[in-house]
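Participant: Below is the structure I would like to discuss, written out as structure tokens.
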Amino acid sequence: MNAFERYAPFIQDFIYRSGWKTLRGIQNAAADAIFNTDDNVLLTASTASGKTEAAFFPMLTLLDEEPADSVGILYIAPLKALINDQFLRMNELCEEQGIPVTRWHGDADASKKRKLLKKPRGILQITPESLESLMINKHMEIPSLFHDLRFIVIDEIHSLLRGDRGLQTFCLIERMCRLAQCDPRRIGLSATIGNPKDAGKFLSAGSHRKTIIPHFEGDKEVWRLSMEHFYNSGPQADEGKTNIPATIQQEEPTDKAPEVADPGIGYIFSHTRGKKCLIFTNSREECEAVCQYLRQYCEVNHEPDRFLIHHGNLSASYRESAEEEMKDDDSLLSVCATATLELGIDIGRLERAFQIDAPFTVSGFLQRMGRTGRRGNPSEMWFVMREDHPEARAMLPDMIPWYLIQGIALVQLYIEERFVEPPRMERLPYSLLYHQTMSTLASCGEMTPAELASRVLPLSAFSHITKEDYQVLLRHLLSIDHINRTENGGLITGLTGERIVNNYKFYAVFQENVEYSVRADSQELGTIVKPPPVGDKIAIAGRVWVVDEVDHKHRVVYCTLVKGNIPAYFGDVAGDIHTRILERMYDVLNEEKNYPYLMKHAVCRLMDARLTACFIR
């Protein structure tokens, strides 16, 4: 089909204004699937391939031809930052046609939310947690909001395929559709789907529609990839060695790190000047430490601070400021970030990404590298693997550079097998069962046990849970006052249960820590856990602060900026590493293969590790 001619006139005008000469393969394929079928659609293609436009052009065309009498498109995304980014893109597309686009998350404008409730229409963008809140607190508004809903878009769906948060999202979709009596099609978007067939089943769970996965000729992937290893002090792995295999050519540094600099961080500092880069870390604590060091290196070199910071414990204003500065194509700043900048966000013409140590997943590696390579340039990532020298009597595990081995395994799995972590399909999510039971009671009020079971157990996430198991759960909840039985024999939330459900942290199914807001004068910096006593120091927003006052009642820490270096702490977060990665790590240690992206230090450190592994076989 000729997708362009099928598009609504305002979309054709948008394409002309944007200077597009042709449509991409994914846009033609998506148009065919959305226009000519009534099925769910899974669009999987590389980052920056135009998936968002591929989905929204035909959806908006159909809504333009037959306007919806409520919200027409519900867009669900895993991150507020992604919603904010897509809001700007969607607003530009829809504004002329008068199609409202509304953000609904904790940092969004409350007046716009009230306006949507009074006159529901257009596109609603929301996180899973805000959708949970909407279902509980605006239960009576759901039918008017969504009774004529046509499409549900789940962006970055791969991030929801392996944990309770994804199952929660689909539970909410099923509950919402049942309450609003609507039958929308589902559109899934992702650049990193390991098993599209299983992901398609996941997307369709609880709906009566099948999933179409359009096939098309995509652009050839071109990577610029390097991986280097550094000891944090002392001689590096290649010092004093000869006959080292040839490695890829390394550009000359554009700056010079201080003589006493941490070698790995100094390497990043030396290759970011005059460039726009992302520096990914695997934790918020490491993100803070790296940003502190890099800013100190700027100070030692008497140059302006050129490093920003972005992670989930920073205030919305801090995060959004970093996002805005990075979107400026003339900006030559670099940002230290965690997974908060991993998904889908276009922050301009990035020249390269650095990854400190190895991410936990192939999916994370691909997403992070995919932040670069937009607007016609190849994707570029530099891995920087760091470790301390093993002690003289160290046991075997301390002799192996695990991050280096893990990084090689991630890259090789994708190159050799196109492996990406698959969905977790056969699960017994009992914690989510409790969560959705309490959410259903909180939103709907008193129910008989049979009625409650009829609302919860048919949800696709609980297809493997029996009625007998559910009865055991309900009896337990009665015994601990999370639910109570009324005189009529119905069930309601108990006093203990109400305290849990009424807390905003209930909306998220992932574990959160008790957090304190951190303020300096009138500025909110972000949040921390376990604040230290007055007079001690904390690290947040890439700087160090001395604690002036701790208000435990309102959970606020007041502080003042000081100089120095200290570690940050934001609470524990579980990792997720697939067994196939561990198996490939074993192979890396046992095979003799050379990897062309390894730099000089990394080649020698791998040789040492293989020799160590050889001695124990």
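Participant: Along the Cα→Cβ direction, 7 angstrom out, place labels at Met399 and Arg89. What is the inter-label distance in nm?
Facilitator: Rounded to a tenth, the inter-label distance reads 5.0 nm.
Participant: Using r as the Cβ-Cβ distance of Val556 and Glu320, and R0 as 35 Å, what FRET efficiency do you calculate, to the nearest 0.05?
Facilitator: 0.95
Participant: Taking every DSSP beta bridge that has both residues in the chain, what percent is antiparallel when rounded to the nearest 5?
Facilitator: Counting only bridges with both partners in the chain, antiparallel ones make up about 30 percent.
Participant: Under unit Cβ charges (Lys, Arg +1; Asp, Glu -1), what dipole magnitude, rounded to 20 debye, does region 220-296 have relative to its Cα centre?
Facilitator: With only Lys, Arg, Asp and Glu charged at Cβ, the dipole is about 340 debye.
Participant: Here's something else I'd like to know. Over 11 Å, how big is the tail of the calculated P(r) for region 106-145, in percent of all Cα pairs?
Facilitator: Across region 106-145, Cα pairs with separations above 11 Å total 67 percent.
Participant: For the chain, give the percent of accessible area contributed by carbon and sulfur heavy atoms, probe 1.4 Å, rounded to a whole number.
Facilitator: Exposed carbon and sulfur together represent 50 percent of the surface.
Participant: Further question on the same structure: Percent relative contact order of the chain, based on C-alpha pairs within less than 8 angstrom and at least six residues apart?
Facilitator: Taking the mean separation of contacting Cα pairs over the length of the chain, I get 15 percent.
Participant: Oh, and also: Strictly over 20 Å apart at the Cα level, which of Lys113/Lys138; Lys119/Lys505; Lys80/Lys563; Lys256/Lys563; Lys138/Lys505; Lys220/Lys327 would you flag in this model?
Facilitator: Distance filter (> 20 Å) returns Lys119/Lys505; Lys80/Lys563; Lys256/Lys563; Lys220/Lys327.
Participant: With no solvent and one point per C-alpha, what does the Debye sum give as log10 I(q)/I(0) for region 1-160 at q = 0.09, 0.18, 0.21 Å⁻¹?
Facilitator: -0.29, -1.19, -1.57
Participant: Ranking request for peptides 86-98, 468-480, 61-73: highest mean number of other beta-carbon atoms within 10 Å first, then the rest in descending order.
Facilitator: So the peptides 86-98, 468-480, 61-73, ranked by packing, come out 61-73, 86-98, 468-480.
Participant: For the chain, what does -39500 (n - 2.57) per DSSP helix run (n ≥ 4), summed and divided by total residues, give at 222 nm, in deg cm²/dmol to the nearest 500?
Facilitator: -12000 deg cm²/dmol
Participant: Let me ask something else. Give me the tail of P(r) for the chain as a percent: Cα-Cα pairs with distance above 49 Å.
Facilitator: Looking at the chain, the distances longer than 49 Å represent 15 percent of pairs.
Participant: How many Å² of accessible area per residue for region 421-502, probe 1.4 Å?
Facilitator: Here the residues of region 421-502 average 51 Å² of exposed surface.
Participant: With the other protein chains left in place, how much accessible area per residue, in square angstrom, belongs to region 1-126 at a 1.4 angstrom probe?
Facilitator: 43 Å²
Participant: Shifting gears a bit: For region 28-115, count all C-alpha to C-alpha pairs, find those more than 23 Å apart, and express that count as a whole percent of the total.
Facilitator: Value for region 28-115 (Cα pairs over 23 Å): 28 percent.
Participant: Would you mind estimating how fast region 1-53 diffuses translationally, via Stokes-Einstein at 20 °C and 1.002 mPa s with the Kirkwood radius over Cα pairs, in µm²/s?
Facilitator: Roughly 180 µm²/s, to the nearest whole number.
The values are calculated or read from the model by the stated rules, or taken from the named source; none is laboratory data. All figures in this text were calculated on a predicted structure; none of them were measured in a lab. Note that each Cβ is placed from the backbone with ideal geometry, even for glycine, and that neighbours are counted across all protein chains shown. Accessible surface is based on the protein model in full, side chains and every heavy atom, while ligands, DNA and RNA are left aside. Shrake-Rupley method; radii C 1.70, N 1.55, O 1.52, S 1.80 Å.
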